[in-house]
Structure formats: C-alpha cells, structure tokens
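Read-outs throughout are calculated quantities, based only on the coordinates presented, and are distinct from any laboratory measurement. None of these values were measured; they are calculated from a predicted model. Glycine also receives a Cβ, built like all others from the backbone with ideal geometry; neighbour counts cover every protein chain displayed.
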Amino acid sequence: MKKLMIIDGSSLLFRAFFALPPLKTALGVPTNAVYGFLTMLIKLYEEINPDYIAVAFDKGRQTFRTEMYSEYKGNRPDAPEDLRPQFSLIQDVLKSLGICVIEQEGFEGDDILGSLSKQFGSDELTIAIITGDRDNLQLVDKHSSVFLTKKGISDMLEVTVENMEELYGYGPDKIIQMKALMGDSSDNIPGVPGVGEKTALKLITEYGDLESVYEHMEDISGKKLKERLAENKELAFLSRELATIKTDMELDYKLEQFIQQFHGSEVKPVFEKLGFTKLTPRIMKAMGEDEVDLGGQDSLFGMATEPVVVDTLDASALTADYYADKDVAIHVLLDGKAPFRTIKDAYLYNGTDVVHVSGTDEAGLSQVLVTLQQAKHVITTQAKELLEVFGQSAPADIAILGDDEAPRVYDVSLMAYLLDPTRTNYGYVYLCERFEVPMISPAGNEQEYISMAQALYAMYPNTLAAIEENQLGSLYQTIELPLIHTLLVMEKHGIYIDTEKLQYTTIRFKAELAEVQADIYELAGETFNINSPKQLGVILFEKMNLPVIKKTKTGYSTDAEVLDMLRNESPIIEKILSYRTIAKLVSTYLEGLAVLINPTTKRIHTTFNQMVTATGRLSSSEPNLQNIPVRTEKGREIRALFYPGEGFDSLVSADYSQIELRILAHLSGDEALVKAFQEGQDIHRFTAAEVLGKAQDDVTSEERSHAKAINFGIIYGISDFGLSRDLGITRADAKNYINLYFSRYPKVKAYMDAMVQEAHETGKVRTMFGRIRELPDINSRNFNRRSFAERTAMNTPIQGSAADIIKLAMNKVEQKLEADKFTSRLLLQVHDELVIEAVASEETQIMELLKTTMEEVVSLQVPLIVDVHSAENWALVK
C-alpha cells in the first residue's frame, strides 16, 4: 500500500530548535533547527519510507480563528530571534530536495494537514501525519495515523485508531468536544473556566458531545459546575470551533505533486552553504538517491566545465614562468614544534598548475623560497609558519610588504579574523563557506592538500573584496601583517627561566599547599576532596550551615563569587580561596613551565595568538603568560623566575600607563578629562574631587579608590549593581555616584550613548584604526543578550584601540631594533607591557627607544605615558 507522509513543519522546526544547542554558519546564520529537522527527516524516510511527501507550515498569525476570537494564541511569545530566519531556510532546503512545501494565508499548518489527510486518505493510500502537537490526534482515522515526537527529535509514538483509546483514554472524536469545555492554555482557547481535563472527559464520555452536555444540564451534578456551564455556553461553542482542525480547505494539489523530485544540482550548494556537508550523503541514502550526481568536483571554482587538477608537477616546474608576475597560493604540512618546525610537504598553485615539493627535497624547498620571494602575491593561511620555516637567522627572507608598501602576503585566515573576530577558528571549511568557494571534503590524502591550495587561490578575490568593502585594508597592511613578523621574532627568541629556582619554588608552593589543605580539614572536622564542588558544598552548607548564596543544577555553587561573599562567615573560606590560588599556580605554571623548557635553547618559547580575542588583543599559549597574576605576591614569585639569558644583563619593561582611560578621554573629547591628563593630574584623585565636589587635597584614600573603580568601570559599561558590589555600597549610592560622574564628564556619557546608538543602527562598532566588532545581539529581544551587546559596544572601541596601539608600538620597536642592529631583543608582550632582553652597554638606549617609540606611535588629544624600568628579573621591573 502507498503512503503519503505529511509533516507539520512549524511544529517540528520549533521542537528541533529547542532540542539542539546553538549552531551557526560561518556567516553567523543560525541553523540548529534546520539541522535537527533534517536529521528527523532522515529518520522518517528510514522508518516510514513514504511514496509521497508534503510539508505544511503556518503562514503568519492572522487566520480565520483570530477573526473569530482576537485573543487566539495571543499569549504566545514571538519565536526566538535565532529561530525566525530558519523558517524560510528550511523551506529553501526542502524545495532543493524536491519536497512539496505548502502554506496558505488565513490558515494554520494543522488545517493543511487535516485537509490533505481527508482528501487523499483511502484504502489504497495511508496517511502518516508527523507532528509534535497532540491537537492533531483528532485527525486519526482508519486511513490516517499520527506520529508524535515525544523526546527531543529522535523518539516518536505512532497513534492509530486502534491504540489511541488505550493510550489516552479517549478516541479522536472526543478531542474537540473536550477542548470546548477545558480549553487549551497553549493556544489561549478559553473553554469553560474551572473545567479541567478530568471533568471534560467525564462529561463527554457520559453525554457524547457538547450539544448533548447542554441538553442534559439538569442531569449534571454539582451546582457550581452547572453555573459555569450555563454562564459560559457561548464560550464553550466558540472554543470547540477554535479547536477544530479544518479538513475541507480548497487545496489545488494532485497526488503526483507529492512525489519527491530530488534536485541534485541544487542540493550540494545549499547544504555546503549551511555547513551540512556530512548530511548530504545521509539524506541521499535515506531518500534512495545514492547515484544522484551532486556536481562532483567540478564546482570547486564555480567553473562547471573545468575539472579540478589532480596531477601534480614536481619542484622543477618552479621556474620564472610559474611565478613571475603571478599570484601563488601555498599550503604546507609541518613537522615539529613551533617556532622551530620543518616542512613535511608543500603544495603550490598559480591558477593553472599544482606543484608538490617534499620536505626531503632541499633543492626543491630552495626553489619554493624563490617562488615566494618573486611571486606577485603569496596567498596562504600560514603566513607566520612560512616565515618560520623559510627564515634563517631572522624571518626576513620573504618580504611581507612590496616596494610600494602594499601587502605581498595575503593570509586569508587573518583577513577572515578581521572580518569576524568572534569566531574560535578560521580553518579551511569555514573559509570556503565564508568566501563562497566549495571545497572537496577533506580526506587526509594528497587530493585534500591540492584542494586546499586551489581553494585558497579561488577565495582570494572574494577575501580581498570583503576587506575593502569593510574598510579593513589599512588595518591589515599597517598593523596586522607586519605583526606576523614581530610575533615570530619574539617566539624564536623565547625567554630564559631559572630551572633551579623553578624546582625550589615548586617544592615550596606544594609544601604550602599541603599546609593549607591540613588547615581546611581541621576547620571542617574531616577530610574530603576540596576540588569537588559537590563535597565542598556539603561541608560548607550542610555541615557548617553557612548561608546558601547560589545553587546550580547539580547542587550548591562554590564558585569564586560565592566564596568571596562568604569571607566573613568562617575562616575556612579564606583557606579555600588560598588553596585554589596556590593549586592553580602549581599546576598551570610551576609544573606547566617545567615541561615547556626547550631542551636545546633552555628557554620557554610561548606562542602568540593573533586571531583569538574579539577585541584585537593578543593572547599567548604554552604557556599563557597573559594570566600570571601580577598583582599578587605569589604571582610575582612566578614572574621572578624569568631572567635574562646568557649574553644578556637585564630585562627592560615598558608599560603604558592608564592607556584605556586616555583613549576614552581622546575619543569622547571631554574637556575636563582631557585637561586632567594634559596637566598630568592623578586621574583617580581628580575624578574623586570632581564627583564629590571637594579639593583634591581633601580626597581620602578610600574616595580615590572608589573613583578608580568607577573610572575603569565606566569603560566596561558598569551598572549601579556592579559598582555597588565592587565597592560594598548600596545600589542607590552607586547609582548616584554614576550620575554624578556623568554630570562632571558629560561628553563621556554622550560618547557612550553614541557608540550604543551606532551599534543599534549598524550592528557593529569600530576602533580608532577601523577594527570592527559585529554585535549580532545588539537588537535582541532578550534583555541580557542585548545589554551585554550594549556594554560591548561601549568597551570595544576603547579596548580595541588600546590593542591596536600596542601592536603598532611592537612593530615600531622591532623595526628600530633591527634597523639599528641592537643586540638587545624583544621577548614578550603582555597586556600593555613590552619586555626586552638587554645587554648592559645598550640598556640606556633601549629604555629611551622604548619610551620614545611607544609614546609617539600615535597622536592623541592627551599624552601617552610609558613607564620604563630595568631589573634582573621580570618581577622586579614592575
């Protein structure tokens, strides 16, 4: 017997959205509901194997039911922001799969389900209705079954005319009669107030239908129930009409239109754009389309007539004809550990030919270097790696900029980062999607690497166009591209660490950790796993009866915020906080540093990450030097392990003073703030005096501290709640303080408001140097998401501009060190600080170079001030 499967598209898309975690395409388009819908569709094909298929959707909220009762479904909130665009998306996908999609003004999808099932159900054609809505059970009959999604998107229950009464205690004919009496809160169908499901079922079972209930009013027991039925008779009949699914819509469809017509040429690009490449073969197989041609490899460059090159040339092909005045894309495979890796294989593509060079072919690698030196442009995702493996004493063998100072090297990943800095990776799959270049699915063989080189070449024009369209060319050329060289120089230099002191400090910290642990056990009266939040929660909140601040799904919260609020409740809290601090320093730094010392150089070579933070700040890994707590005594003990290495005499540190506040003064143009910096005032004392209306000499240390908190808090859009928590004052006092601050610095307030307004209008904000930050949640209906985006809009131009300035300074400093052939060398960048390893004979010059270069790297309305110090270890220079 033939089968027609009719899917309640709106219901299943809602269910899929809430069943799956957030999922987005490279361009930020939400797709989790579409993905879930398709996985369910695969399961339906496998289990039901339909001959015909149709998917019904609601079309707007205005239907014949809202004309009858304006409050119908009026209690339903709008669809979540990330779900709304997926309705049109799933329809596009279904149409590419050749599946009939039906929606009609004035009707709901349920009405389409009902009308199709009654129109086509017969002894020769069974109907399978797929939905998550139990209202559709009224459509069950001898020809039609309802498959209800029960759990997530994977579990379904088939309800038939044979098993429905056993499952629910009533048949399909009773549903609308019961809804007339009990209503439906989810659809805002009123029913008879005070009548629930049990009473409704009892009345309908006894009397048959709504008319019979009212005909037998005298026989119904219960005075109250009679009164409610009598008073709401009109409402009951209206409710039944609202609950009744229409089964006689005039739908001009023939059964043949529900035969699935698979459009192979449309499926692949649609699924690739969504990032669903792994779903393509699964859905093909489920639909019995194994042999359908999806375009093969011909669409790699959008050129259906030109196949992908699969044969490769060897290094002998790298003559001037290959690279002269040509763009060359390159992908390399590397061996070893940065920054001392070697090439395993290199794949180059010039728009015509692919060349493969093995890492064992020294002559071939030399020719690769010549190619990269002489090519018009080098296109890659591995600019730093190329400089690393082809550089000798310094990574300068490949010019990043041309003679005209225009870029020669185009790192597509770095450019993608500038376009969207909030992503976690910028790999080939994302890049191909972002820059509209279909790519062969990675297979881990040579064809994959050939494909990567070709895909790079193909996406380069689109990448460049996107950079120009978003006015990011100057940022790429003047800051980010030269920074690749600077970072690699620092990585190769590394920093020396005293291994004997490291061992001694590790032993001492572990001994102290054991002492603190013993103190905690004594105060708790028993031993337990301090690192287990569950066990710690039992000790603190059940055994010791400390006040419960916050609970999580798994029990009591013992996070840092909770413990901080409990400091005065018991001495055990201070011990636990101390234990956590020491334990983290031991595991992350002391033990972590020991295994990172390079056996050859005897130094630690951290990796600086250029494409991680959304603000443009650098991060570092193996080890993360950005997170050593500089303001704590124990953190300084970690820094004290870093020394100048052999042949050097001191470490010189140069640190920007209050750079973000100075940028705020510059960007806002607030006269009072600008004047304070121009005159070299103590900005926190100055602010306290301004806000409190007193002379600076009369400002107390506590008042200065409060002013410092608000000065820095304003940059991050601090709220009265946040300030009250930070300062330990009431929210009213905190709100008053913020209002006073803005009344003294009115242009700061105007600037912050302008940034938020710009974000609302354009969806993004920019730094002084054009760096962008997209804010997709800036107009969200969710208050928390919108508020966070607004705070980000205030902060990003300031923090991002600070990041740009320190990068400019790094590049300038490195350029001068190389140009003047200093022995002293740049080692580290941490936040707003640069660290140089100096020889004694150059120390004075180096300190002057750092201060002058960093202070003059950009001209602001207020002076940039740099504090420069030298010492025998990193801790002492601060």
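Results, tabulated for the structure shown:
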item: Distance between region 758-804 and region 37-76 - C-alpha centres, whole angstrom; result: 37
item: Degrees separating the helix 731-744 axis from the principal Cα axis of the chain, which is the longest one; result: 60
item: Surface/4 of the Cα convex hull for region 495-604, nm²; result: 8.2
item: Diffusion constant of region 579-674 at 20 °C, which comes from Stokes-Einstein with the Kirkwood Cα-pair radius and 1.002 mPa s, µm²/s; result: 131
item: Computed Rg/Rh of region 659-797, alpha carbon atoms with Kirkwood Rh; result: 0.99
item: For q = 0.16, 0.18, 0.19 Å⁻¹, Debye-computed log10 I/I(0) when each Cα of region 1-128 counts as one equal scatterer; result: -0.87, -1.05, -1.13
item: Compactness index (Cα Rg / 2.2 N^0.38 Å), region 311-458; result: 0.99
item: Likely footprinting exposure, 615, 601, 554, fewest C-beta neighbours within 10 Å first; result: 554, 601, 615
item: Dipole of region 659-797, positive end: most advanced residue of 716, 750, 779 [Cβ charges, Cα centre]; result: 779
item: Neighbourhood charge, 9 Å Cβ-Cβ cut-off, centred on residue 774 and excluding it, Lys, Arg +1 and Asp, Glu -1; result: +1
item: Whichever lysines have a C-alpha closer than 17 Å to that of residue 384, once near sequence neighbours (fewer than 8 apart) are set aside; result: 337, 344, 492, 807
item: Farthest toward positive dipole pole in region 495-604 [+1 Lys/Arg, -1 Asp/Glu at C-beta], among 576, 552, 601; result: 601
item: Across 150/268; 142/202; 575/878; 675/708; 202/224; 2/142, pairs whose alpha-carbon gap is larger than 21 Å; result: 150/268; 142/202; 575/878
item: The chain - Rg and Dmax from Cα coordinates, angstrom; result: 34.4, 111
item: Point-to-point label distance, residue 324-residue 78, nm (Cα→Cβ direction, 7 Å offset); result: 6.2
item: Angle between the chain longest axis and helix 84-96 axis [Cα atoms, degrees, rounded to 10]; result: 70
item: If the convex hull is drawn through the Cα atoms of region 635-710, its volume per residue in Å³; result: 154
item: Rounded tilt (10° steps) of 362-374 against the dominant C-alpha axis of the chain; result: 90
